[in-house]
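Contents: one structure, followed by commentary.
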Amino acid sequence: MEQHLSQLQIQTQKLAMTQSLRQSLEILNFSTYELEQFLREKQDENPWLKVRSKGPTLISPQFVQQQAIHSSFKDLLYAQLIDYHLSDELRHLVHWLIDDLDEDGFLTGTVEEYANWTNKPEWLIQEAIAVIQRCEPIGIGAFSKQHALVLQAMHHKLSMNTINIVSKHFDLFISKKWKELAKKIHISLEEIQQIADTLSNFSTSPLQLITQHHVAYIQPDAYVSFDKDECTINYYGHAFPQVQVDKTYSQTLSSQMDKQTKAYVLKKTKEVESMSFQLQWRKSTLQRIIQEIVHSQQNYFTNGASFLVPMTMTDLAERLEIHESTVSRAVREKYIQTQTGIVALKSFFSQPTVDDVSAIHVKTRIQFFIEHEDKNKPLSDQRIVDLLSIERIHLSRRVIAKYREQLGIFGSSKRKRFER
């Protein structure tokens with residue numbers, strides 16, 4: 001077969017990701033706090049940019065939720081060492097060991113290994129570890145979760161039975177083989193239950209407690225209220241800032257600008273105009289999404305979380321005739337204030353179950369059943385399946401177990417309490 005080379009011109013249509021479009025999507029993706037920081041940076045870069053925001057930067061305290069931002073745990077431990085008069089050698093060794101703590105606050109090697117790695121005697125290693133273990137919170141510098149609980153139990157001078165259980169019978173205790181444990185150490189199930197309740201106040205991950213809490217605010221973008229089935233959506237001004245050209249700055253410049261300066265001024269003012277359009281697009285997109293969510297989920301707002309209707313981002317995107325990725329960006333770290341609290345927009349989206357019932361609704365029912373169960377005879381996953389089937393929700397035991405685990409709820413054997 002004879003082959004020939006030829007040229008063929010084909011015309012295709014593609015959406016070019018321009019700088020303006022890229023920035024529009026970036027701005028849509030910002031939370032209220034991130035947008036505020038972004039505009040501050042832009043204001044520093046562009047003297048012609050003037051930011052206008054209606055409403056307070058922070059709304060009233062009852063509408064605010066706080067999140068913890070964690071400082072460096074090493075800095076917090078180093079600060080505590082000031083109280084100890086340590087030799088330079090010992091201080092250096094303590095710092096070295098602090099650097100070796102894992103994400104739970106535990107040491108990852110043995111005393112012998114640390115002695116070999118640092119070329120220091122074991123007695124000095126043990127002394128350095130003892131210094132770390134005296135730091136707050138108690139449990140830092142332990143070698144395991146069990147060891148951390150032992151240190152805490154001893155520090156708080158708990159009963160010998162408690163220390164004995166944690167140090168010598170930990171496996172039986174955490175696996176809740178309490179009848180075997182009670183027989184082995186000759187105490188009652190009720191006393192083991194009391195010990196478990198006491199230890200539940202301690203942490204098996206001490207590093208989670210060694211945080212300095214700076215305040216970061218979750219600011220809702222809108223407030224949704226219902227009065228006699230009539231819905232009202234109020235949008236907070238701080239969530240939708242506006243920008244404009246700062247004419248007062250332009251007036252301070254000499255009217256006799258050279259060509260290069262005029263070109264620079266024109267470029268900067270166009271940047272402001274472009275950003276103004278991007279912010280308006282963010283506002284209209286987010287408001288359309290909030291309005292559609294509220295319209296679709298009226299039963300949720302009036303009757304509670306168990307009435308959440310199954311809805312995916314794809315469903316919403318099709319109704320609004322926008323791309324699913326636009327919905328995903330728009331709802332990221334955006335919140336609305338309801339009459340029962342602050343709710344993340346993304347929480348309104350879930351994949352339906354096989355019976356077209358929201359997974360969130362099923363989880364709500366599971367949590368309700370377990371909260372009201374007889375703690376001496378906790379509900380098995382199969383029993384929860386049976387209870388849901390009465391409500392015409394037909395799911396397998398495996399699905400129920402998966403949802404229960406996602407809620408952070410133990411199985412029935414570990415939820416059982418032993419009380420008279």
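Annotations for the structure displayed:
- Placing dummy labels 7 Å off each Cα toward the beta-carbon, the span from Q298 to A263 is 5.9 nm.
- Segment L76..V111, full-extension length gain: 10.2 nm, with 0.36 nm per residue of separation and the alpha-carbon distance subtracted.
- Partners of K267 within straight-line reach, counting aspartates and glutamates whose Cα lies under 17 Å from its Cα and excluding those fewer than 8 residues away in the same chain: D44, E45, D246, D258.
- Sequence-distant residues sharing a close amide H with V243 (under 5 Å, placed H): R52
- Multiplying the residue separation of Q280 and K177 by 0.36 nm and removing their Cα-Cα distance gives an extension gain of 30.9 nm.
- Straight-line cross-link partners of K184 among the aspartates and glutamates, defined as a Cα under 12 Å from its Cα and at least 8 positions apart when in the same chain, are absent.
- Pairs exceeding a 23 Å alpha-carbon distance, out of K334/K402; K283/K346; K268/K334; K74/K157; K179/K414: K334/K402; K268/K334; K74/K157.
- Estimated FRET transfer efficiency (E405, K247; beta-carbon r; R0 51 Å; 0.05): 0.30
- Put a dot 7 Å past the Cα of E34, heading toward its Cβ, do the same for K270, and the two dots end up 2.8 nm apart.
- Fewest-first ordering of W117, W178 by other beta carbons within 10 Å of each residue's beta carbon gives W117, W178.
- T269, T261 arranged by Cβ crowding within 10 Å, fewest neighbours leading: T261, T269
- By the count of neighbouring beta-carbon atoms within 10 Å, fewest first, H85, H323, H238 end up ordered H85, H323, H238.
- Applying the Karplus relation 6.51 cos²θ - 1.76 cosθ + 1.60 with θ = phi - 60° to the range 114-122 yields 3J(HN,Hα) values of 5, 5, 5, 5, 9, 6, 10, x, 4 Hz, where x marks Gly and Pro.
- Separation of the range 125-145 from the range 79-98 is 12 Å, based on Cα centroids.
- Length gained when the stretch Q291-T312 is fully extended (0.36 nm per residue, less Cα-Cα span): 6.0 nm
Values quoted throughout were computed directly from the atomic coordinates according to the rules given, and no laboratory measurement underlies them. Just so you know, these numbers come straight off a predicted model, no measurement behind them. Neighbour counts run over all protein chains shown; Cβ positions are idealised from the backbone, glycine included.
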